[in-house]
Amino acid sequence: MKKVITIDLNNFNEKDLQDYSKMLNRYFKRRWRIMLFFLCVSCGVQQETSKDYLKKMPKEFQGSFYDNLETVGTFKENEVTRSFMKNLTSSNVNYNKPIMVKIQRNNLFLKFEDTNSKSYVLQFYGKRDKNKFVFYTNYKTVSVPLILVIKEMVKYEIKLTQNNEIVFTNNSKNSGMLLFFGDGRSYGFEYQFKLLE
């Protein structure tokens with residue numbers, strides 16, 4: 001049985017810190033292969049999707065669609081609703097009017113009206129890919145190297161289908177790491193709308 005040594009922190013000095021550092025160095029020198037293995041191995045979930053139904057995203061795109069307010073459930077006798085525009089703005093969107101979408105170079109413009117007939121234009125800066133346009137509404141990273149890493153990200157992808165539809169995919173990821181321990185979660189929604197002629 002090992003002897004447990006307890007030391008009062010008031011008596012902690014520089015020599016104790018050096019001794020502790022030497023002890024850690026000896027420990028990691030003996031177990032460097034195991035530590036290297038844990039640093040190189042990562043877990044990931046890959047979800048392969050078919051991209052055959054997608055059209056190439058043009059350089060300039062303009063269209064309009066009707067967003068719909070979905071009822072997800074009820075909570076304390078109140079309806080819980082979800083919609084694409086509800087994720088992007090806190091205004092009361094008029095769902096009876098079409099939403100205009102316009103992509104110019106690396107800019108996305110979403111024009112809509114609220115219930116008081118007041119027009120709004122949301123502008124997002126993004127990046128064009130071969131089959132999609134990608135933009136972020138939140139991208140935050142806090143990093144203290146080798147000790148702490150926290151990452152929050154809300155990413156949207158816009159894709160066009162062969163069936164004259166526009167697809168908005170929302171991917172949210174939250175992850176963190178403290179020393180060698182990490183955890184995270186991700187979730188996403190896909191909103192698919194018929195483009196108006």
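The values are calculated or read from the model by the stated rules, or taken from the named source; none is laboratory data. Since the structure is predicted, the reported quantities are computational estimates derived from the model, not experimental observations. Here the Cβ is made from the backbone with ideal geometry for all residues, glycine too, and neighbour counts use every protein chain on show. Surface accessibility is based on the protein's heavy atoms, side chains included, excluding ligands, DNA and RNA. Shrake-Rupley method; radii C 1.70, N 1.55, O 1.52, S 1.80 Å.
Worth pointing out:
- Residues in segment 26-74 that are open to solvent by 80 Å² or more (accessible area, probe 1.4 Å), closer than 26 Å to TYR95 by Cα and either in contact with a Ser or Thr (Cβ under 6 Å, 6 or more places away or on another chain) or modelled with pLDDT under 70 (or both): LEU69, THR71, VAL72.
- From the options ILE166, ILE150, residue that is open to solvent by 60 Å² or more (accessible area, probe 1.4 Å), of a type in the set (A, V, I, L, M) and in contact with a strand residue (DSSP E or B) (Cβ under 7 Å, 6 or more places away or on another chain): ILE150
- So GLU165, is it without any contact (Cβ under 8 Å) to a residue 60 or more places away in the chain, acidic (Asp, Glu) and within 17 Å of VAL134 (Cβ to Cβ): no
- Scope segment 127-151; condition more than 16 Å from the chain's Cα centre (by Cα) and either assigned to a strand (DSSP E or B) or within 28 Å of ILE103 (Cα to Cα) (or both); matching residues: ARG128, ASP129, LYS130, ASN131, LYS132, SER143, VAL144, LEU148
- From SER91, SER186, SER175, residue being of a type in the set (Ser, Thr, Tyr), farther than 24 Å from TYR66 by Cβ, touching a Ser or Thr at 6+ places or on another chain (Cβ under 9 Å) and touching a residue at least 24 places away in the same chain (Cβ under 8 Å): SER175
- Selected residue (only one of ASN78, ASN116, ASN92 is exposed (fewer than 14 other Cβ atoms within 10 Å of the Cβ) and in contact with a strand residue (DSSP E or B) (Cβ under 6 Å, 6 or more places away or on another chain)): ASN92
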